[in-house]
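The values are calculated or read from the model by the stated rules, or taken from the named source; none is laboratory data. None of the values given here were measured: they were computed from a predicted structure. Quick reminder, even Gly has a Cβ in these numbers, built from the backbone with ideal geometry, and neighbours come from all protein chains shown. Areas reflect the complete protein model, heavy atoms only, side chains present, ligands, DNA and RNA absent. Shrake-Rupley method; radii C 1.70, N 1.55, O 1.52, S 1.80 Å.
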Amino acid sequence: MSSQPSQPSQPSKYSVRRRPLLALGAAALLVPVAACGGSTDGGASGGGDQRLRAVMAFPPAQAMSPYGDDAVTLSRLSVVEGLTRIDEEGAAKPALATKWQRDGAKGWEFTLRDARFQDGDAVDAEAVVRSLAAAQDASPKPRVLSEVRLTAEAAGKRTVRITTDEADPLLPQRLANPSLAILSQAAYAKGEKGGKVNPAGHATGPYTLTEVNGAVSAKLDRNDTYWGRKAKAPGVDVKFVADGTARANALRTGTADIAEYVPVAQASLLDEKQIHEVPTARTNTLYLNTENGVFADPAVRAAARSAIDSKALVDGVYEGRADTARGLLGPGVPWAADARKEPEGRAKAASKAEVAKTKEIVLATYTNRPELPEVASAVQQQLQARGFTVKQYVRDYAQMEADALAGKYDAFIQARNTLLDTADPVSYLGSDFTCEGSFNIAQLCDKGVDEAVAKAAGADGQDARHAAEMAAEAKILGADAAVPLVHERFVQGFDSGKVDGVALDPMERRLITADTRLR
């Protein structure tokens, strides 16, 4: 295992320090919220008169802060919104902004709709400026801002001008990221720059977060002042259940209406109408610590890469409900297959005898995705067959993220959605593989990779961007910093005869929507 990563001597456009994220323990306090937008009277707006019951896979890791992975949970529960949203094709569509246009090479102008926060305050230009500034100053910084710095200013009560440090053709998609949600003034701790943010009761979505019981449960009520279509269910009672078998059992026994991420092993035990398989841009990847330890040697990384049998993982662990790895970008990014380039500059793999002389490696992964411990066991066997001595370390994700980002494991298996940040892989490539990337588990710092990702970030036009992104992928794979294992599909659990309106979103930003209701 390694110590804290060193910083490169020269800054780059990805100048975000890698800082450990703070995890929220299960003993967190009960947080009640009085929100004027909430409703618990069961009166239906558009049908439905029963509260939904959902079991979610990931407990809050940062007290429901929008600046970490909790932002995705807030989005999947329809609590938060940004200026824009992303459609199924990855295009930016109106949300709190009704329209936008370029304003010079680095500027954009956004026009806001007439809307109110769940606490009654008006959504205006001042609120947008405050929210975007808070995200920019947050520590740790949201991954979506790892390769850009933005500045927002009011250009009228309902007009906001946003300027980036470099031209950013992806800004409308970037602003749809849940970490850039727009919140009311009451969400922010007074006088604390980059401090705590509480979205409960202060967001704009169709559901108001009214109660958080640590890492155990949460309560949502319908926001009856929502600017759009009102939620059809009066509320949602959420339980956070890291154990995948327990989530499947909750669906099977009728104690939950919706079960997030049903394990593949449990799918065959459920009724066919309860299983809904979704294609996704998520790639299950083995990150190798390129900075310290055994895998600082490119030849040893190449040996680890040559040991991996993706098809065996698909068949043995995923029971065929996944695709064999072709690169960092899988079938969920359909254009990648035709644009893919061969990896560049791979080292010659160390022999089995040479590998056998290396120190024991720590292979880590987390329990929240139930297939991952099985994947880790299979990968351990494959590496051992190549001569490695391997020790596994498996915990809940909230207990591991900070150490993974700090480079304290030799190898880390992570299921990563490559389109989650901007619906375009350039953000993922920047945050995960550049010298100053904010999610650089591989601790990779390679000038060629940084240049390739920077070229992709600045590419103008879809075809040019795609070509540059695949060139960056070839550089990253050439360094053997990351070994793609499988391209995941995921299974959402709900009885289609009893529940309507669950979103099956390949980008994983939506699950429970305003249309979700019990029949």
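Figure legend. Inter-residue proximity from the range 402-418: first residues at negative phi, second residues small (Gly, Ala, Ser), beta-carbon distance below 6 Å, spacing 6+ or different chains. Indicated pairs: Tyr409/Ala364; Asp410/Gly293; Phe412/Ala364; Phe412/Ala404; Ile413/Ala376; Asn417/Ala281; Thr418/Ala281. A single member of Val486, Val491 is surrounded by 23 or more Cβ atoms within 10 Å (Cβ to Cβ), touching a strand residue (DSSP E or B) at 6+ places or on another chain (Cβ under 8 Å), aliphatic (A, V, I, L, M) and outside any helix (DSSP H, G or I), and it is Val486. The sole residue among Ala457, Ala442 that is farther than 19 Å from Pro484 by Cα, surrounded by 24 or more Cβ atoms within 10 Å (Cβ to Cβ) and in contact with a helix residue (DSSP H, G or I) (Cβ under 8 Å, 6 or more places away or on another chain) is Ala457. Check Arg252 against each of (1) farther than 24 Å from Asp114 by Cβ; (2) in contact with a strand residue (DSSP E or B) (Cβ under 7 Å, 6 or more places away or on another chain); (3) of a type in the set (Lys, Arg) and name the one condition it does not meet. With (1) farther than 24 Å from Asp114 by Cβ; (2) in contact with a strand residue (DSSP E or B) (Cβ under 7 Å, 6 or more places away or on another chain); (3) of a type in the set (Lys, Arg) applied to Arg252, the lone miss is (2).
Only residues that are surrounded by fewer than 19 Cβ atoms within 10 Å (Cβ to Cβ), touching a Phe, Trp or Tyr at 6+ places or on another chain (Cβ under 9 Å) and under 16 Å from Pro172 (Cβ atoms) were counted across the range 101-132, and they come to 5.
Contact map, the range 349-369: residues that are closer than 22 Å to Arg395 by Cβ paired with residues that are among the charged types (D, E, K, R) and surrounded by 14 or more Cβ atoms within 10 Å (Cβ to Cβ), Cβ distance under 6 Å, separation 6+ or inter-chain. Pairs shown: Ile361/Asp410; Val362/Asp410; Thr367/Asp396. Contact map, the range 441-468: residues that are among the aliphatic types (A, V, I, L, M) paired with residues that are modelled with pLDDT under 95 and not in a helix (DSSP H, G or I), Cβ distance under 7 Å, separation 6+ or inter-chain. Pairs shown: Ala454/Lys13; Ala457/Glu147; Ala468/Ala459.
Restrict the check to the range 289-312 and report whether at least one residue is farther than 27 Å from Asn440 by Cβ and at pLDDT 95 or above. Within the range 289-312, one or more residues are farther than 27 Å from Asn440 by Cβ and at pLDDT 95 or above.
Selection of the range 121-170 for residues being at pLDDT 95 or above, more than 21 Å from Tyr188 (Cβ to Cβ) and of a type outside the set (Ser, Thr, Tyr) yields Ala155, Gly156, Arg158, Arg161. Hey, could you check the range 215-250 for residues that are in a helix (DSSP H, G or I) and open to solvent by less than 10 Å² (accessible area, probe 1.4 Å) and say which is modelled with the lowest pLDDT? Of everything passing the filter in the range 215-250, Gly244 is modelled with the lowest pLDDT.
Determine, yes or no, whether Val72 is open to solvent by 20 Å² or more (accessible area, probe 1.4 Å), within 19 Å of Ser179 (Cα to Cα) and touching a helix residue (DSSP H, G or I) at 6+ places or on another chain (Cβ under 9 Å). Taking the combined requirement at face value, the residue satisfies it. Scanning the range 325-379 for residues that are in a strand (DSSP E or B) and under 14 Å from Ala307 (Cβ atoms) turns up Ile361, Leu363.
Note on the range 196-214: residues that are in a strand (DSSP E or B) and charged (D, E, K, R) amount to 1.
The test for being open to solvent by less than 10 Å² (accessible area, probe 1.4 Å), out of contact with any Leu (no Cβ under 6 Å at 6 or more places or on another chain), β-branched (Val, Ile, Thr) and over 27 Å from Ala468 (Cβ atoms) does not hold for Val426.
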